[in-house]
Every structure is written in C-alpha cells, then in structure tokens.
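Below is one structure, written out as structure tokens; comments come after it.
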Amino acid sequence: MFSIIDSILTTLDSDSNSIRHIEQKKEILLLLDGRLERPLPPVLVHSNHYSIELQWENVRIQDNNRPEHRRLFDESGAPRPGSLIYLHRREKKSGSIWESIYSGSAMSYKVENLKPNTQYEFRIQCKSSVNGGERSDWSPILQAGTTPEPMTGDTVYKAIAMPGKDHLEKLLEILGPEHYLLEHPDKDGNLPLMHACLKLDLGKVESLITAGAKVNNTIASRKTALMVAASAGFSKACTLLIENGANVYSRDQNDISILHHAIDSKNFETVSTIVRQFNQDKDIEMNREVGIHKWTPLYRAIVHDCNKEIIELLLNHGANAQCEDKTTNTTALQMAIIRRNLITTQLLVTHGADTRSLSKTAGKSLQQLALSTHKTDLINYVNSLLNLPKS
C-alpha cells in the first residue's frame, strides 16, 4: 500500500504548482495520518421559492476509502455512534454569518422557510467518534438559491402595499401587458386598481393603467375603480381614470351613482371633478334618487354635513332645492335645520326652497324645528324668514 502511495506522492511532487494536485496530496497525507479528509460540497437536489433540498451521499463514498476502524458508517451503511455531519448556511450577501441548521447522520436535508429569489451558501463538516470526536475541515461552499415567488393575485397586492412604486413596476414588467392578474380580485372581491386608489397612490394607479388594467371592470357589487377613488376623495385618481375612459355614469348594485360616492368623501375637488364630466344627462345625474329613501346628491350632501362649497356647487349645477327624503318626506331645508347648519339653510333658501312647508312626520314648522336646535343664529335666521322677532 505504502509503495503505491509513495508513487502517487512522487507523481504529484512533479507538478507541485497545480492547486488540484496539492489538494489531492493533502488528502492522501490525511489518509496516512488517519484523520478525516475534507468532504466534498453538498449537492443541490431541488429548490423552490421557500426551500432548498441538499444531499451529501459523497460523504459515504469518501468514507469507504478510510480504514474500517475509522469510518463514520458501518458495513450496513448505518452511522457509527458519535458520527455526525454538520450543515451550515448563510445568505450570500455582505456581512452574513454562518449558522448551524442541521447536525445528524442523514444523507440529505431540506432547508425551509427561506426567502424567495435569494442566494444562499452551504457547507458541511464531518465528525467521527475516534480521538475524542475529531472533525474534518469544512467542505467547499455550495451556492444555491430559491426561485422567485410564484405569481399570484397576492403578489400584485403585496407590490401595491409596498412603499414607492419601484417594486410594482418591476413586477408589472415581468407580468407583461394586460396580464390576467391585473383583473384578479382579492378575498374581498376588490381589484388591484381599486387597491391603488384606496392607497391614494397616483403613481401606482398610473402604472396599473399603463400596464393594461381595465378601468371599467367591476366586482360582485358592480363597484368600479372610479367609485372607489370617488368615495376616498382621491380627485387626482378620478381625473386620471376618467381620462382613460372610466364611465362617470356607472351605478353599483344599490344603484348608487359616482356622484353619490363622491359626496360620501365630502371632498370638494372630487365632487367638482365628477360634476364637470356630466353633459346631456347632467340634470338626471344631479337629481338622481338612490336607495330606499330616494336621496338625491344634494340631500345626501346635507345629511353628511358637506361644506358650503359642495352645497353651492350642487345647487349651481341644477340640484333641486326642493328635494326630500321619500320615506319621511323631510325636505332638504328641514334636514339642514335639523342638522343645525345655518349656511346650508341660507343657501337652500336663496335657491328657492319652500319656507312654509311643515314636516310631514311631526307637523312641525321651520320655526319649531329651529327652536329644537337651541342654536341662536339659526333660530334668528328662520324667524327673519317668517318676519318674527329675534330671540
């Protein structure tokens, strides 16, 4: 045996500058000394977006070259007591440190809970039961990575939720134009374009539209992205959606119009943006009655205590000052007084609201309704309409 080894060493010495030959010589010397030689690197078996499976069967092959009394495994292939294989991992980036993720006698291991689309480095070390548990040098490093996360609807929603728009734009570039995931609803039935509107992120709304998101697509409730933007008071998104063909005359399953959704936001710019889009059907839209109470946009604005600018805008664009709740027959003027809103009351009177009508439910006059508010300026104004003395 030694004559063969001597012959090999002599051959290796003749090419001492070869790194491969130096390593081979080192391993032969380790064999002569009986110590554990450096194992080969682990081998990649399979990877996905969250796990990497490795094996190191070469350790068993290397073990067969050792004297029997120094082997890690017996003749049946079972590990000898005290024989261990250590597996370390680190992320392939500056500053990463090695961490132990496995120790045992198995010939493979599946590393789980990893980051998607990330490169990792792995190495193994062998330990025998002889000489108090001697260890080999660490193996050469294996570099292996997880795959990108599979594209799902959640992938798009996560990109929308992240700060900035770089992540979303990279994803949209990967997906390509008009990808079906742009119209994939979340668990609540909302579409990506609606999510971007709710985030009040104009850049993401623009990116999705550019990528082919359909501005008039609806969900189960027949709600559109424009309705979502209007309800959120996102006037710039409303303008962008309309410029790209969003229908301002759409109504949801409750027959609620875009203008009604805009009034819910109590945002003047949003309401103004929608009102400016109406043309030949303007009078219909400005006085469209919706819901079980048949509220018009103006009545809705009064109930929601919208500001003077919104009330004035609606009245100046054809809203009927005589509108009423069709369930209680409470007029807009009566509701303005009940809501203790002097400015709205004055605007309605200026635009022709009837000051002589009684409330249908309680038969109260405007003066009686005003008195119940205990608001002096409102009471005095109503009294002035009826030529009554100030309180």
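What follows is calculated from the coordinates using simple rules that are stated; it is not laboratory data. Bear in mind the structure is a predicted one, so any value in this text is a computation, not a measurement. We place every Cβ from the backbone using ideal geometry, glycine too, and count neighbours over all the protein chains shown.
Counting only alpha carbon atoms, the long axis of helix 166-175 and the longest principal axis of the chain meet at about 80°.
Along the range 126-138 the Karplus relation, 6.51 cos²θ - 1.76 cosθ + 1.60 evaluated at θ = phi - 60°, assigns HN-Hα couplings of 9, 10, 9, 8, 8, 6, x, x, 5, 10, 7, 5, 5 Hz to successive residues, with x for each Gly and Pro.
Using R0 = 45 Å, the C-beta based FRET efficiency linking Arg60 and Thr152 works out to 0.65. If you fit an axis through the alpha-carbon atoms of helix 376-385 and take the longest principal axis of the Cα set of the chain, what angle between them do you get, 0 to 90°, nearest 10? Between helix and principal axis, roughly 40 degrees. Helical runs (DSSP H, four residues minimum) scored at -39500 (n - 2.57) apiece and divided by the length of the chain put the mean residue ellipticity at 222 nm at -11000 deg cm²/dmol. By the beta-carbon count within 10 Å of each Cβ, the least crowded to most crowded order of Val228, Val349, fewest first, is Val349, Val228. Once the Cβ-Cβ distance of Asn113 and Leu200 is raised to the sixth power relative to R0 = 41 Å, the FRET efficiency obtained is 0.75. Each Cα pair under 8 Å and six or more residues apart adds its separation to the average, and for the range 330-390 the resulting relative contact order is 32 percent.
Per the Cα gyration tensor, the chain maps to an equivalent ellipsoid with semi-axes of 82, 21, 16 Å, ordered largest to smallest.
This ranking places Leu298, Leu142 by how few other beta-carbon atoms lie within 10 Å of each, fewest first, which gives Leu142, Leu298. The relative contact order of the chain comes to 8 percent, based on Cα pairs under 8 Å that sit 6 or more residues apart.
Against the chain, whose longest principal axis comes from its Cα atoms, helix 2-13 is set at around 60 degrees.
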